[in-house]
Structures are given as structure tokens and as C-alpha cells.
Amino acid sequence: MQEVCLAIPLACLAGAVVSGLFGWKIGRVASHLVTILGVAVAFVLSVSVVLPWTVTGHTFNGSVYTWLTAGRLSLPVGFLIDPLSALMMTVVTFVSLMVHIYSIGYMRDDPGYQRFFSYISLFTFAMLMLVMANNFLQLFFGWEAVGLVSYLLIGFWHTKESAIYASLKAFLVNRVGDFGFVLGIAAIYTHFGSLDYATVFTMAPAKAASMVHMVPGTSWHLMTLICLLLFVGAMGKSAQMPLHVWLPDSMEGPTPISALIHAATMVTAGIFMVARMSPLFELSPAARSVVLVIGALTGLLMAFVAVVQNDIKRVIAYSTLSQLGYMTAALGVSAYAASIFHLVTHAFFKALLFLSAGSVIVAMHHEQDVRRMGGLRRYMPVTFICTWVGSLALAGIPPFSGFFSKDMILDAVHSAHITGAPFAYWVLTAAVFVTALYTFRMLFLVFYGEPRMDKHTREHLHESPWVITVPLVLLAIPAAVAGMLLIKPLLFGHFFGNSIVVSPGDNVLSEIGRRYHGVGPFILNAFRSPPIYLAAAGIASAWYLYIRAPRLPDIISRRFHGLYTVLTNKYGFDEFNDFVFAGGARALGRALWMVGDVQIIDGLMVGGTARLVGWVSARMRRLQSGFIYHYAFAIIAGLFLLMTFFLHV
Amino acid sequence: MNFMPALPLIFLFGSTCAILLIGLYVGERRTSVVYVLSQVALITTVALVIRDAQAAPIVALHGMFVRDRLADLLDIAICLLVVAVFVYSRRYLSDRDMYRTEYFVLALFGVVGMMVINSAAHFLSLYLGLELMALSLYAMVAFQRDSARATEAAMKYFVLGALASGMLLYGMSMLYGVTGSLSIAKVASTISAMPPGNIVLVFGLVFVIVGLLFKIGAVPFHMWIPDVYDGAPTVVTLYIGTAPKVAALALILRLLVGGLQALSPSWREMLVIAAFLSMGVGNVVAISQTNLKRMLAYSAIAHMGFALLGLAAGGREGYADALFYLLIYSVMSLGAFGLVALLSGPGREIEYIDDLKGLSQRNPWIAFLMLLLMFAMAGVPPTAGFYAKLAVIQAAVDAHLIWLAVAAVLFSVVGAYYYLRVVKVMYFDAPEDDRPFVLPLDGKFLFGLNGLSMLLLTPWIGTIIAFCHSAIQGLP
């Protein structure tokens, strides 16, 4: 097993290295072939060896290499292969493989072709290292490495000002999260003396009641502190409010990247991490309440913003934020399995939607504004159908995959007793309506109605080449059926075994499991609760507003001008950050520069020392008068000084 | 009586007398014969020293003379330095109508004096060697008879040198008064048998030290150095700045370490003060110099401070480190002054730092070698100068003189300024005239070796330090 575990990430790394360092020599075709081969090897091994092996109840936990040993601290590179990581590996390598193939078409004319393939392969390697880690440091390595590649890919078109801005923003916001994350890891090391998952998880229950003093006079539950710090990291990577601001801007990167990194895999790293840390989070209900409320708020508020976006990729980006909110909320109520379930289905349908959007963008000659599209269903039938599948899944219409996972989350939140659960339930239920509204607004604006693009573009509209449509179809299949196939094994079939720990009192999923009697009854049961009607209402509203009475949205936005402005400004998070944090940092930097650097260090210390030495030098130089009796006097004086010194000592 | 241990010394003395006579015979137009004979005499002396290299000390000539590892090492170093000095000086001298027998003969007599110091086992032979060296130097400084500056410098040097010699002699006489002997070994054994706190001994020690510090040019007995270095003809400065420094260290090692080891707690304190002041004054005042030779003179004072650091640290490690420092310094100093001599062509005198402006555009290879030498003097790794500084600072730290080690580091930062200024002038300033310097082939080759040695010595640093250690082991 160890060899397989090593082969999976290293195959991707090898592809990345070859196309990155030698891409200029081996050419475009060889570059994409070698990276695709690497990822394909990883996917095949994951799905055919690792996944069946873990399903039959095996786990692997062991070190393959000792990175360094310093005193008591030993830092190994090791793998923990259990159902959770095996599932993640499969999803990551599958989506990555689809994106690799799709990119052949999407990036065809780009001068940075080899670099692009190197980056996405490197990303796959980093993400695999993250999910396969068996210790916190390797987790952190993968965590930072995916952040780095994300930065590189958002700024892939590095001559574009907005792309540079977006990549920098993503990097900085992620630093905030990573700072919390690394503090959390440090707290774990301080109190547990180990960074190994298994050791920490075994010791954790004994530490459940211990308190720490952060600021004198206040005491915290150790577990709450650790979990909240780790969750700050998850908020950064999984873009939860208020650290979500980087994700919409990350759409400056190429669309395949938005699909792979900023929708399907990397942003779910935070979700995965919290699920992986379930033995810790189970010990802190307070931390879970925070997780729940933040997730629910992100879920609703970001969905609202998606309604007013006009850039097709930004609509999907805000939708991603909202869906990540759902997953986070599920973590908050201990429904880790439901969260991972939604992560998986979301990976499929969101990658599908993004790649469909990419297909549309290519056909539209890189026009992304939905107001200048329309009527595309006649020109792009495959993309059109795939977008329908993705939209239905996103809106949560049975029997598409999103319905099952989202309904499970709502059900779990509804059944939970933790603080904040009733509030979260109503918030998330309301979000269902909004989700359906923005999803179908986009669908209707792009594919229905009258074509609104210019004549030249319309004449050149045609379906995308097979390298683009084949991945769409391959993703559309799981987006449609993954939900009904996976719900039973993932949620009620002990699939996760010991990789997820839920304390008995909070086990909402097992409670729901007792009422579960198969896919059919589950769907019928859904008709007895509001979400499905809200989703239908959302679709109907979208149809009425954008197909039946297309002038109505303008009237509404004028009537509710204040609300509309708040939404188009995304609640002012960006302005606030720009003013307070960026502005504050700049002001602080300027102050330190002007006062600290220019005046104190350069002026006083460096310049002052130099001036002082120069002054002393000029003075002492005068002693060298050139008169021999001065010199002789200096010798005699020196003699007497030495002598008095010795006669006294 | 066994003359064999003194054979190299006797050979060089005889050759020098012979060269003096031959010089008179061949006349002024064929000084090259004298030049060649002088080089042959020096190299033969080195060969003789190496042939009879001694592991165990041999005392000869009625206890006046000792032949040991230290003497051998210093003899070889001094002879080779003077060979190089001659190579660097040849064209400078012939360009200025100074290519005469006297220069070489005086220099060779100076070497004889230094070799006597290196092997002195007796206060009298020590003093004899010192005076032979000093008198040669006075005469050499005044060599350019029609130059007022050179004459003034020689006068100052002579008067102050006489004053210092007097003090040294006075100190020695007090030591004789207390111990009743002039033999260094006997003085040492008598003092170590005496109870501490003898006031006459301390008086004698202070006078001796003043004399020694004058010779080595440490603050506050350094005043002659800038004036002499600046006033003397460049080739004489080149000579003064290299071999006599090594001899001065020999003087200190023979007298203080060999003879007055029992008083080392006292003299180490004096050396601490002198080391601190020398590093401080040398480095700080060098900053405000515009004259290249004066700057190098102050740099010499600072470097002597660093060498004293090793001596002040005490212990055989410290002495060996000081010896190592001085050997490396003499090679650096040889290169720096040698360049000044080499570049001063006919009708062109290199005097100010600004005269090196734009050297990198005119003679890039020479500029690079000078850069290496300046980096070595400043103590930039991986040049040999860095290891030399590291060794003495390490010695100070080991002797718990932390504050002095910190001061040494700070002063070398100050010193880096004026060394790097030379580099800046060479590389970043525009030349005032574009004529490239034409260097004689032998001088150019030797200077290449000299500059590169700062880098090429690096792998052999350990070997050289080991040599210095074994040389120090021979001292009682």
C-alpha cells in the first residue's frame, strides 16, 4: 500500500516537474500528455486500488520518510489512508483529470500552455499531499502549497492588472486564515507534544476539560481555542465570511482553474480539514456553534449577492461561497458525513457548471457578461444540456445529486439541538429559494431569450470541440446520479468507519438514518417539507422575471435601490477591507518607513553613526600635527599613563 | 663553537657585503646585476633555512643565538617578502633614477637585522638586530636625498626611533638589574622564581613594552607611521610595511613570551589597551584620509591592533593566532603597497585614492586583484583576511575578552568603509584619463599571484595555522 500511496502524488509531481522545467523543450503536446498521464495514473490507482481497499475496512497509517529531527520534534512525511482520504483522493484526481483534458481545448492559444499544465499538475500533487497527510505539518505543507499554486494560477495572466490584484488579494486573505491555522497547530503541539493525528486524537478526550489562560484573567477551553484557530484557517481556505472576499476575485484566473481549484477541490480543503479533525471538534460544542452560524450566514448572504452579478463566472463563484456555507453549517451540527457528501456532489456539479461556463465563454470570444448573451441553446446543445443538469443539481431538484446532499444538510440542521441550530435552519432554507433563483436566472439569461451579442460573435457561435464537451458529459453523469448512488453508503452505511468521530449525543445522522428507507421514500418524504417547494418557487420566479417579463428586474432594482446597491457592493466587505486593513497597513507601513526607517534607522542610527565616526575621525586627524615634539610628547605621555596604570593596579 | 645553525644568517651577511663591493665595481648603469644577485642571495638563504629546518631548538654562539621553528618560519617569510618587494620596486626605482646598489644593500642589511631578531636568545643580540634593522630603515627612508618630504620623514623616524630604542634599552637594563643576566632564558627562569610585585620589574616591563609597541606601531606610539609611510618613497614604504612588521612580532614573541612569560598577566593588560586603541584610532582616522599611502598607514595601525588582540588573549593558541594574522597581513600589505608602486609609472605618482578612479575600465584584471586585497583587508569571507580576523577574535573570545572581541568586530565594520571606498572608486567612478597602466611583466605576474592568494590560500588556512602552532610550540 505504501508504494501505491507514494505513486499517486509523485505521479502528479513528476508530470508537473517535467512540463514545468522541460516544457519549453518537449513542446505543447508532450507537456499535456505527460501531465495527463500523471494525473490519470493517480486517478486510476485511487479509484481502483485505494478506494476498494478502504471500503473493505482497511486503513493505512505510516511514515514513509523522516523529513527532519530536531530534539524531541520529529517531522515525518506520512500517509493516513482511510475512507475519508480515499474518497477525497478519488474526487480530486477525477475532477483534475477532467480539467486537464478540458484545458487542452480551453488553453489552446495561450502562450503559457506548458506552464499552465505544470501548475495544475502541481496543484493536484499538493492537494493529494493535503488529504493524504497523517500529521499536522504535512497537512500544513499541502495547505500552503495549494495556496501557492492558487496564487500562481489566479495571476496566471500576469500581464493583466486585475489578475495581479486578485492573486495578491487571495494570497493576503489566505495568510490571515493560515495565521490562525498555524497558531492552532502550534497550540496542538504545545499541549499535546505531537503533531501526529493518531496521537493527538487519542489524547484529545483526556484534555477535553482543560483550560488555558490566553489573556490574564480570562480562561478558555483548550479544545474551543484550538478548534476556533483551526477553523480560522478553514475560513480562509474555504472562503467563509468574512474571509470570503478573495474567492470572487479569483475568477480572474483561467476558467478551468476556477472549476478545479476555486470550486471543486481546494476551497473544500477547509471542509475536509474540519471533518478530519472531527475528534477535536466533537469536544467543543461552542466551536461548532460558531462554525454553524458562520456557515449558515455565508450560505444565505452570498446567495443574495449571486442574484445581482452579471459576470457569468462571478455568479457561479458566489454560488460556490453559498454552497461552502452549507457544507460548513453541516460540520457545525456534527453531520460531517453529510458535509463531505455535499462536498462530493458539489465538486461534480460545480465543476460541471464552471466548465460549461468556460465553454460558453470560449464560444463568446471571452465575453463573460450574461447581459450580452442569450439564446445560446440553439448553437451549443451539449453545453446547454450539461448546464441544465448542473443547474438542477445546484438548485436541489430531485433526483439530481445536489438534492440529496442539500436536503440531508437541511434535515441534519433541523434535527440538531446545538445552540444556533434553529436560526441556521431557517437561514439555510431561505437560501434554497435564492439558490434556485440565481441559478436559473443565469441559465435563462444565457441560453434562452433573444440573442443579445453583436453580429460578428453570433455568426461565429458554434459548439465547443470534443476535448471540452467530453469532460462536460463525463462530469454531467455523476452530477446527475452521484446523489442517489452515494447517499446510502456514505451517510448510513458506515462508509467512513473510524475516520469520522461523532459523539453519541450529537449524532443527528444516525437519527435521520433510522427514518431512512431508500431513495424513493426519501424523495417522497422531501415533498412534505418546504425546501423543495422553495426551490421550485425560485425556478418559477426566475422564469417569470427573466423570460416572461424581462423588464421587471430593472423596475425592482430601481424600486429597491438601497438594497440593490448593498448587494452589488457585496455588503461593502471589499471597501471595508481596503479602507481599514489595506489602508491601515499602508498607513502603518508608511509611518514605520518615514519614522522608523528613514528617521530612526537610516537617519539616526546608520547616518548618525557614520556622521559621528566621520566627525571623530576628522578631530583625531588633527592630532597628527606633523611636529616631532608632539609625537615625542605622545610617546612620553603614553609611557606615564601605562606606568601609573600599573603602579595602581 | 658551532656556527652551522647560523649558516643562513652568515651567508646572507657575507653575500650582502659582497654585493656592496660588486655594486661599487659594476657602477650605476648595471644595477641589474645587483638586483639579480640580491634575489639569488635571498632565495639561497631561504633554501639554506629549509635545508636545516630544525624541529628542536638549538642554542649556539655562546647562548646568543637560537635556531628553532619560529626563527625558521619568520626567516623564510621575511626573505620571501623582500624578494617580492624587490620585484615590485625594480621599475619604480629605475623610472626615478633611484635604481642604485644602496637600496638593495640597505634592504639586505635590514633583512640580516631582522633575522638576528628572529633568532635572538640574548638581550644584546636582540638589540643588535633591532638597531641594524632600524638604521637600515632610517637610511632607506632618506634614500631620495633631494626630496624634502622624505628627509623630514627620515628625521622624524630617526629621532622617535632613537627615543623608543632608548626606552627599550632602559627597560632591559632594569630587567638586568633585577635578574643579573642578559640571557633571555636565564631572565625568564629568574623572574619565575621571584615573588610577584617587584616594582623595578614592572618599571622595566613598562619601558620594554613602550619600545616594542613603538616598533610595531601601536597607539599611542604610532605617530611616526603615517608620516613615514607617506614621506618615504613608495618602494621604501612597501618594504617598511611588510618585513619589519614580521620582525617586530618576532621581537615581542622573543622578549615577552620567551623572556617575560611570568609577567604575562601584567603585559597582557597593557596589550589589551594598546590593541583596543590601535584598532579604534587606526580604523577611525583612516576614514578621513584621502592619501592612499596614509590610509594604508592607518590601516596598518589598525591591523597591528588586531594582531595584538591575539597576543593579549594569551596562551599558545593566542600567540599562534597573532602570528598567523601577521603573516596574512604582511601578504595583504605587500599587495596593496606593491600595487601603488607598480602603478606609479614614469611621470605618474599614485598618491591619492582618487588616482585609482576607473581602474576597472582601464585595467580590469588589476582592479579585480586589488578588490580581492581590499576585501581581504576588510575581512570579507572567504578571503584569507577573514580567517585571520576570525582567528584572533576567536582567541579573544576564548580568553573571555568578550568586550574586546565585540569592539574588534565593530571596528572592522568601520574599517570596511574605507576599504570598500577604494573598491567603489575603482569600479564606479569615471577615470580622469583613459591611459591604461602598463605594468612590467614580472610585477604583473607576482601581483596576480599575490591578489589571488587571498582566495587560493583558503583551502590551506588550516595548514598555515598548524605551522604557526608548531612554531610557537618551540618557545619556552
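Quick check on my filter: what residues within the range A:127-171 are farther than 30 Å from residue A:78 by Cβ and either touching a residue at least 60 places away in the same chain (Cβ under 8 Å) or in contact with a strand residue (DSSP E or B) (Cβ under 6 Å, 6 or more places away or on another chain) (or both)?
A:154, A:155, A:156, A:157, A:160, A:162, A:163, A:165, A:166, A:167, A:169
Residues in the range A:386-393 include none that are under 30 Å from residue A:284 (Cα atoms) and aliphatic (A, V, I, L, M).
Residues checked against (1) of a type outside the set (Gly, Ala, Ser); (2) closer than 30 Å to residue B:185 by Cβ:
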{"residue": "B:124", "(1), (2)": "yes, yes"}
{"residue": "B:131", "(1), (2)": "yes, yes"}
{"residue": "B:136", "(1), (2)": "no, yes"}
{"residue": "B:140", "(1), (2)": "yes, no"}
{"residue": "B:147", "(1), (2)": "no, no"}
{"residue": "B:154", "(1), (2)": "no, no"}
{"residue": "B:163", "(1), (2)": "yes, yes"}
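When the criteria are applied in full, residue A:53 meets the requirement of being surrounded by 15 or more Cβ atoms within 10 Å (Cβ to Cβ), more than 28 Å from the chain's Cα centre (by Cα) and in a helix (DSSP H, G or I).
When we screen B:384, B:391 for residues that are within 22 Å of residue B:317 (Cβ to Cβ) and touching a Gly at 6+ places or on another chain (Cβ under 8 Å), the only hit is B:391.
Condition first: assigned to a helix (DSSP H, G or I), of a type outside the set (Val, Ile, Thr), more than 30 Å from residue B:260 (Cβ to Cβ) and out of contact with any Ser or Thr (no Cβ under 8 Å at 6 or more places or on another chain). Can you find one or more residues in the range B:377-396 that meet it? Spell out how you get there, then give the answer.
Restricting attention to the range B:377-396, the residues satisfying the condition of being assigned to a helix (DSSP H, G or I) are B:377-378, B:384-396.
Narrowing the set further to residues that are of a type outside the set (Val, Ile, Thr) leaves B:377-378, B:384-391, B:394-396.
Cutting the leftovers down to more than 30 Å from residue B:260 (Cβ to Cβ) gives us B:377-378, B:384-386.
Pick out the ones that are also out of contact with any Ser or Thr (no Cβ under 8 Å at 6 or more places or on another chain) and you get B:385-386.
Yes, some residue in the range B:377-396 is assigned to a helix (DSSP H, G or I), of a type outside the set (Val, Ile, Thr), more than 30 Å from residue B:260 (Cβ to Cβ) and out of contact with any Ser or Thr (no Cβ under 8 Å at 6 or more places or on another chain).
Applying the set (1) more than 26 Å from residue A:329 (Cα to Cα); (2) part of a helix (DSSP H, G or I) to residue A:183 leaves exactly one unmet item: (1). For the range A:602-622, the tally of residues that are more than 8 Å from every other protein chain (Cβ to nearest Cβ) and under 22 Å from residue B:230 (Cα atoms) stands at 2. Within the range B:168-189, is there a residue that is among the polar types (S, T, N, Q), in contact (Cβ under 8 Å) with a residue 60 or more places away in the chain and surrounded by 14 or more Cβ atoms within 10 Å (Cβ to Cβ)? Yes; the residues of the range B:168-189 include at least one that is among the polar types (S, T, N, Q), in contact (Cβ under 8 Å) with a residue 60 or more places away in the chain and surrounded by 14 or more Cβ atoms within 10 Å (Cβ to Cβ).
Taken together, the criteria place residue A:505 among residues that are of a type outside the set (A, V, I, L, M), more than 30 Å from residue A:378 (Cβ to Cβ), part of a helix (DSSP H, G or I) and over 24 Å from the mean Cα position of the chain (by Cα).
Of all the residues in the range B:212-222, those that are at the interface with chain A (Cβ under 10 Å from one of its Cβ atoms) and under 17 Å from the mean Cα position of the chain (by Cα) number 6. Of the residues screened, residue B:411 is one that is within 14 Å of another protein chain (Cβ to nearest Cβ) and either closer than 21 Å to residue B:330 by Cβ or in a helix (DSSP H, G or I) (or both). If only residues of the range A:415-424 that are touching a residue at least 60 places away in the same chain (Cβ under 8 Å) and more than 24 Å from the chain's Cα centre (by Cα) are counted, the one that is farthest from residue A:510 (Cα to Cα) is A:423.
Look through B:238, B:182, B:213 and report the one residue that is within 21 Å of residue B:271 (Cβ to Cβ) and not basic (Lys, Arg).
Only one candidate qualifies: B:213.
In the range A:512-534, the residues that are β-branched (Val, Ile, Thr) reach residues that are not in a helix (DSSP H, G or I) with C-beta atoms within less than 6 angstrom, at least six apart or across chains, in these pairs: A:523/A:398. Report yes if some residue within the range B:289-306 is aliphatic (A, V, I, L, M), within 24 Å of residue B:119 (Cα to Cα) and in contact (Cβ under 8 Å) with a residue 60 or more places away in the chain; otherwise report no. Scanning the range B:289-306, I find at least one residue that is aliphatic (A, V, I, L, M), within 24 Å of residue B:119 (Cα to Cα) and in contact (Cβ under 8 Å) with a residue 60 or more places away in the chain, so the answer is yes. Kindly indicate whether any position in the range B:425-442 is buried (at least 16 other Cβ atoms within 10 Å of the Cβ) and of a type in the set (Val, Ile, Thr). Yes, that holds for at least one residue. If you filter the range B:46-60 down to residues that are touching a residue at least 40 places away in the same chain (Cβ under 8 Å) and part of a helix (DSSP H, G or I), you find that the one that is nearest to residue B:78 (Cα to Cα) is B:49.
Residues checked against (1) on the phi < 0 side of the Ramachandran plot; (2) surrounded by fewer than 19 Cβ atoms within 10 Å (Cβ to Cβ); (3) not aromatic (Phe, Trp, Tyr):
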position	(1), (2), (3)
B:324	yes, no, no
B:331	yes, no, yes
B:337	yes, no, no
B:345	yes, yes, yes
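Just the residues that are crowded, with 22+ Cβ neighbours inside 10 Å and out of contact with any Gly (no Cβ under 7 Å at 6 or more places or on another chain), please, taken from the range A:289-299. Passing the criteria: only A:294. Would you mind stating whether residue B:276 is surrounded by fewer than 22 Cβ atoms within 10 Å (Cβ to Cβ), farther than 30 Å from residue B:93 by Cα, at pLDDT below 90 and aromatic (Phe, Trp, Tyr)? Taking the combined requirement at face value, the residue does not satisfy it.
Counting only residues that are over 25 Å from residue B:326 (Cα atoms), give me the helices (runs of 4 or more DSSP H) lying completely in the range B:162-238 with at least 1 of them. Don't jump to the end; show me each part of the working.
Details: elements: B:184-193, B:199-216, B:224-231.
Counting at least 1 such residues, we get B:184-193, B:199-216.
Residue selection: residue A:318 fails the criterion of being under 22 Å from residue A:417 (Cβ atoms) and of a type outside the set (A, V, I, L, M, F, W, C). Quickly run through the range B:160-210 and pick out the residues that are among the hydrophobic types (A, V, I, L, M, F, W, C), under 18 Å from residue B:254 (Cα atoms), more than 14 Å from chain A (Cβ to nearest Cβ) and touching a Leu at 6+ places or on another chain (Cβ under 9 Å). Residues satisfying the conditions are B:172, B:175, B:182, B:184, B:187, B:188, B:191. With respect to being β-branched (Val, Ile, Thr), more than 13 Å from chain A (Cβ to nearest Cβ) and in contact (Cβ under 8 Å) with a residue 24 or more places away in the chain, residue B:281 falls outside the description.
Quick test of your reading of the structure: residue A:637 fulfils all but one of (1) surrounded by 13 or more Cβ atoms within 10 Å (Cβ to Cβ); (2) within 9 Å of chain B (Cβ to nearest Cβ). Name the failing condition by number. Evaluating residue A:637 over (1) surrounded by 13 or more Cβ atoms within 10 Å (Cβ to Cβ); (2) within 9 Å of chain B (Cβ to nearest Cβ) leaves (1) as the failure. Scanning the range A:528-563 for residues that are closer than 18 Å to residue A:373 by Cβ and either modelled with pLDDT of 85 or more or surrounded by 12 or more Cβ atoms within 10 Å (Cβ to Cβ) (or both) returns A:542, A:543, A:545, A:546, A:547, A:550, A:553.
The values are calculated or read from the model by the stated rules, or taken from the named source; none is laboratory data. In this text the structure is predicted, and so the values were computed from the model without any measurement. Don't worry about glycine lacking a Cβ; one is built from the backbone with ideal geometry, like all the others, and counts go over all protein chains shown.
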